[in-house]
Amino acid sequence: MIYAEHGDIAVEIIAKFYKTNGRYLEVLATQFKDLNKEELYRIAFANYLNEEDFEKRPMAKLTKDIVDQMTLIYPITN
């Protein structure tokens, strides 16, 4: 029920993958070479990558679940 009320989050994440052919994180990595994977993820999706940090921000698990599903369609090469 809660996830259904936040469809805009899902749409935004899917659009980022779709519009960049799954290369959104790669594109950011080329622009921000000094950032690690977790920092890039936070910039890209405004949420936390690691499960132990999910309680720090609303919808962190939803975000991670959608990103994980999108990487099945667009595998991350880095």
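Applying 1/(1 + (r/R0)^6) with r as the Cβ-Cβ distance of GLN31 and ASP53 and R0 = 22 angstrom yields a FRET efficiency of 0.40. Which shape class, rounded, prolate or oblate, goes with the chain when its Cα gyration tensor gives a ≥ b ≥ c as root eigenvalues, a/c under 1.5 marks rounded, and past that a/b bigger than b/c marks prolate? It comes out oblate by the Cα gyration axes.
The H on the amide N of THR20, modeled in the peptide plane, is under 5 Å from the matching H of no residue at least 5 residues off or on a different chain. Under 19 Å between alpha carbons, and skipping anything fewer than 8 positions from LYS37 in its own chain: which lysines qualify? Correct list for LYS37: LYS16, LYS56, LYS61, LYS64.
Who wins for biggest fluctuation among GLU51, GLU38, GLU26 in a Gaussian network model of the chain, springs between alpha carbons below 10 Å? Of GLU51, GLU38, GLU26, the most mobile in the Gaussian network model is GLU51. Under a Gaussian network description of the chain, with springs only between Cα atoms under 10 Å, the residue in LYS64, LYS37, LYS16 that fluctuates furthest is LYS37. Considering only alpha-carbon pairs that sit under 8 angstrom and 6 or more positions apart, the relative contact order computed for the chain is 35 percent. Using 0.36 nm per residue and subtracting the Cα-Cα separation, the extra length available between ALA46 and ASP68 on full extension is 6.4 nm. Specify the angular offset, from 0 to 90 degrees and rounded to the nearest 10, of the alpha carbon long axis of helix 7-19 from the longest principal axis of the alpha carbons in the chain. So the helix axis and the longest Cα principal axis differ by about 20 degrees.
FYI, it's all coordinate maths here, none of it is from the lab. This is a predicted model, so every value here is computed, not measured. As a convention, Cβ positions derive from the backbone with ideal geometry for all residues, glycine included, and neighbour counts pool all protein chains shown.
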